[in-house]
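Each value in this text was obtained by applying a stated rule to the coordinates, not by laboratory testing. Values in this document were obtained by computation on a predicted structure and should not be read as measured data. Here the Cβ positions follow ideal geometry from the backbone for every residue, glycine too, while neighbour counts run over all protein chains shown.
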Amino acid sequence: MARLTDTITVGEFSLKNRIFMAPLTRCRAGDGDVPVPINVEYYRQRASAGLIVTEATNISQMSCAFEHAPGIYSDAQVAGWKPVADAVHANDGRIFVQLWHCGRVGSSAILGGQDPIGPSAVNDDLGALQVYGLMANGVYAQIAATPSRAMTVDEIKSTIEEYRMGAANAINAGFDGVELHAANGYLIHQFLSPTMNIRDDSYGGSVENRGRFLRDILEALSGVIPMSRVGVRISPFAAYNNTRDPDPVETYSYVCRMLDEMGVVYTHIADTNAWPAEPDMDEILAIVRPNYSGIVIGNAGMTPQQAEQRVGSGDLDAVAFGRMFISNPDLPERIAQQGPYNDLRYVGFYGGTADGYTDYPFLDE
């Protein structure tokens with residue numbers, strides 16, 4: 001029976017435990033959305049994770065839903081990420097970068113005056129979209145989403161190229177692999193939903209057509225990085241950003257078969273409804289496990305005890321912790337000895353300085 005503290009092989013890598021670090025948007029990039037030294041320290045502190053998945057990282061200037069989230073589309077951003085990857089490797093860790101495009105979830109206020117783009121111009125629910133910016137007084141706060149417009153086919157193709165370049169840049173920065181963010185109501189998730197995607201061309205309509213955007217991205221990535229270094233994050237039932245898929249079982253059964261067929265090394269399942277106490281993990285696993293034979297990583301709302309049970313039963317191969325890794329930089333050691341755990345402080349979740357970011361104590365402190 002597997003334990004969280006057991007090693008696990010993921011693609012080309014033998015990882016030291018099954019306690020992974022989930023992608024956590026923290027919004028502390030510098031000018032030009034370039035990672036800065038405090039980001040290096042943040043990831044270095046957490047290198048005891050079996051695998052770190054970075055905060056969601058923009059592949060384009062048109063992607064931003066959280067101001068001061070990092071990017072990986074400019075030379076300066078690649079140079080900023082390199083010391084992060086080097087620091088994790090120097091501490092015997094492994095790190096994948098999460099490639100992110102927010103699609104319709106955005107605001108012209110932080111997109112240089114441009115409208116957000118998505119598969120279709122669905123704008124009946126702007127109040128449900130999560131967009132954040134840094135106020136002039138230094139407060140990081142939610143701002144109003146603005147209406148999106150439908151992408152042209154040429155824009156779809158150029159966005160697929162941006163994903164490919166993001167993966168190539170990740171390798172140049174020294175990352176071990178990439179994770180596609182296809183969850184939480186962002187662009188790939190939008191294409192998969194028949195409510196958000198009402199196109200009548202080859203990228204809309206049937207589940208195969210709605211899945212074409214993801215398939216084309218994976219095919220593009222395969223030219224620069226092996227699928228043994230590519231994971232995909234999905235959230236079939238997520239209410240976050242209001243994607244509203246009326247038949248997630250059909251959609252994600254197809255998606256998981258696609259990921260299996262293409263040899264994607266892991267599927268990262270985000271049970272985001274667990275935070276408001278409406279967990280969907282069993283329903284998600286009922287979709288994923290019959291259709292996908294690779295590594296399955298679970299995320300959201302699990303205590304270490306619940307995670308241990310899931311891994312021990314074989315439901316999950318590993319668990320990605322988010323908030324617990326914010327407050328416990330040495331989380332694997334704490335789980336191994338069953339605590340104690342630092343309390344989470346809500347200061348500094350998004351934006352700010354070291355407070356709530358790199359100042360949580362280690363056990364030996």
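Looking for something of a type in the set (Gly, Ala, Ser), free of Cβ contacts under 8 Å to residues at least 60 places away in the same chain, farther than 26 Å from LEU214 by Cα and not in a helix (DSSP H, G or I) - is there at least one such residue anywhere in segment 109-120?
yes
Here is a check on your reading of the model: is ASN184 touching a helix residue (DSSP H, G or I) at 6+ places or on another chain (Cβ under 7 Å) and either surrounded by fewer than 19 Cβ atoms within 10 Å (Cβ to Cβ) or under 22 Å from PRO23 (Cα atoms) (or both)?
yes
Please determine, by comparing only the residues of segment 241-265 that are in a helix (DSSP H, G or I) and more than 23 Å from TYR163 (Cα to Cα), which one is nearest to the chain's Cα centre (by Cα).
Here the residue is ASN242.
Among the residues of segment 266-316 satisfying the criterion of being touching a Pro at 6+ places or on another chain (Cβ under 7 Å) and part of a loop (DSSP other than H, G, I, E, B), which is nearest to ASP176 (Cα to Cα)? It would help to see each step written out before you state the result.
We begin by selecting, within segment 266-316, every residue touching a Pro at 6+ places or on another chain (Cβ under 7 Å); these are 271, 273, 284, 287, 301.
Filter once more, so that each one left must be part of a loop (DSSP other than H, G, I, E, B): 271, 301.
Numbers: ASP271: 25, GLY301: 27 Å.
Of everything passing the filter in segment 266-316, ASP271 is nearest to ASP176 (Cα to Cα).
Does segment 121-168 hold any residues that are of a type in the set (S, T, N, Q) and in contact with a Lys or Arg (Cβ under 9 Å, 6 or more places away or on another chain), and which are they?
ASN123, SER148 - these are the residues of segment 121-168 that are of a type in the set (S, T, N, Q) and in contact with a Lys or Arg (Cβ under 9 Å, 6 or more places away or on another chain).
From TYR186, TYR203, which residue is among the aromatic types (Phe, Trp, Tyr) and under 15 Å from CYS64 (Cβ atoms)?
Only one candidate passes the filter, namely TYR186.
Among (1) assigned to a loop (DSSP other than H, G, I, E, B); (2) more than 25 Å from LEU259 (Cβ to Cβ), which single condition is HIS89 missing?
(1)
Restricting to segment 92-105, what's the tally of residues that are assigned to a loop (DSSP other than H, G, I, E, B), more than 20 Å from VAL10 (Cα to Cα) and touching a strand residue (DSSP E or B) at 6+ places or on another chain (Cβ under 6 Å)?
Within segment 92-105, residues that are assigned to a loop (DSSP other than H, G, I, E, B), more than 20 Å from VAL10 (Cα to Cα) and touching a strand residue (DSSP E or B) at 6+ places or on another chain (Cβ under 6 Å) number 2.
From SER222, SER206, SER202, which residue is within 24 Å of ILE295 (Cα to Cα) and surrounded by fewer than 17 Cβ atoms within 10 Å (Cβ to Cβ)?
On inspection, the qualifying residue turns out to be SER222.
Can you tell me which residue among MET151, MET135, MET165 is of a type outside the set (Asp, Glu) and in contact (Cβ under 8 Å) with a residue 40 or more places away in the chain?
Sole residue among the options that is of a type outside the set (Asp, Glu) and in contact (Cβ under 8 Å) with a residue 40 or more places away in the chain: MET165.
Pull up segment 195-213, narrow it to residues that are of a type in the set (D, E, K, R) and without any contact (Cβ under 8 Å) to a residue 24 or more places away in the chain, then point me to the one that is farthest from PRO236 (Cα to Cα).
The qualifying residue farthest from PRO236 (Cα to Cα) is ASP200.
I need the full set of residues from segment 323-349 which are in a loop (DSSP other than H, G, I, E, B) and surrounded by fewer than 19 Cβ atoms within 10 Å (Cβ to Cβ), in order please.
Scanning segment 323-349 gives GLN337, GLN338, GLY339, PRO340, TYR341, ASN342, ASP343, LEU344, ARG345, TYR346, VAL347, PHE349.
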